[in-house]
């Protein structure tokens, strides 16, 4: 990875994942007491800590930046490790390009606090090592609120990465671990879903949050880099949508990379997928499409009074199908 950007996400899992299971620990100590064995002071303190930090819904609780603000040493340790490793590699003649990414940001103040910590630590390491360090500090957009206040968050952020897995959970109010097996089959049968929103981006809902976040972020910083991190980053239909709204890159699991690269290339060349077309904000106007590129979608009345296709310069018929995704009279 020498010379290539490497994004390091700071600690994200809920605190309970770093502690013993409450039920197992309670049972273990109860058995010891029943056998007349002494429970050590450490074991008692550990059980008390586990109980104090128990959460009913940990994925919406003490995790991400919240955990870092509660226990600052956790993320300060990570930031220092990243800075020291970067300085060491630079001193050895390498060209490391790390980027620090803060998860689950929901407000400007959260990002401001972490950024101040990070800049102070990076400056300390640079001074101690004698190596100049320039490490971008960005954040994930995983909460609807973060997307809606992205213009404020962007003041403290060098880049955005939209965590669409969590954004889908928080946007729909789903707990993914519970709902997929609980009622998704019923939702398919009822026609609520044609495909899981965790597989292909829900462009009418969650996708609009991403679009809003991109627009608001770039209203503050026009050159703000915006990416997507999650399973949607390897889904062909989702990639075409992301390209249409100006996402710079997608990140996905290794086995999805070949498909992601292919679809990203196709999207960059054509940008004519039906999902991207339907998601665009242009609407029909006076019986035909508005704007230079026809992208009005399901309710398109292209062809009515305008001949065989749309008025837009970039709208073309191919194999009797119009690139706008509407019901055009292609011949």
Worksheet item: residue 122: under 22 Å from the mean Cα position of the chain (by Cα) and within 30 Å of residue 96 (Cβ to Cβ), yes or no?
Response: no
Practice prompt. Being surrounded by 14 or more Cβ atoms within 10 Å (Cβ to Cβ) and either closer than 20 Å to residue 89 by Cα or out of contact with any helix residue (DSSP H, G or I) (no Cβ under 9 Å at 6 or more places or on another chain) (or both) is the filter here, so list the residues in region 1-32 that pass it.
Written response: 7, 8, 9
Worksheet entry | Condition check for residue 72: within 28 Å of residue 228 (Cβ to Cβ) and out of contact with any strand residue (DSSP E or B) (no Cβ under 7 Å at 6 or more places or on another chain) | no
Worksheet item: Only one residue in 101, 59 is within 23 Å of the chain's Cα centre (by Cα), buried (at least 18 other Cβ atoms within 10 Å of the Cβ) and either assigned to a helix (DSSP H, G or I) or in contact (Cβ under 8 Å) with a residue 60 or more places away in the chain (or both). Which one?
Response: 101
Item to complete: Within region 201-247, track down each residue that is buried (at least 22 other Cβ atoms within 10 Å of the Cβ), touching a residue at least 40 places away in the same chain (Cβ under 8 Å) and in a loop (DSSP other than H, G, I, E, B).
Response: 201, 203, 230, 247
Worksheet item: Hey, does region 143-161 have a residue that's more than 12 Å from residue 213 (Cβ to Cβ), part of a loop (DSSP other than H, G, I, E, B) and modelled with pLDDT of 95 or more?
Response: yes
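The values are calculated or read from the model by the stated rules, or taken from the named source; none is laboratory data. Everything numeric in this text was worked out from a predicted model, so none of it was measured. Positions of Cβ are generated from backbone atoms using ideal geometry, with glycine treated the same way; all protein chains shown enter the neighbour counts.
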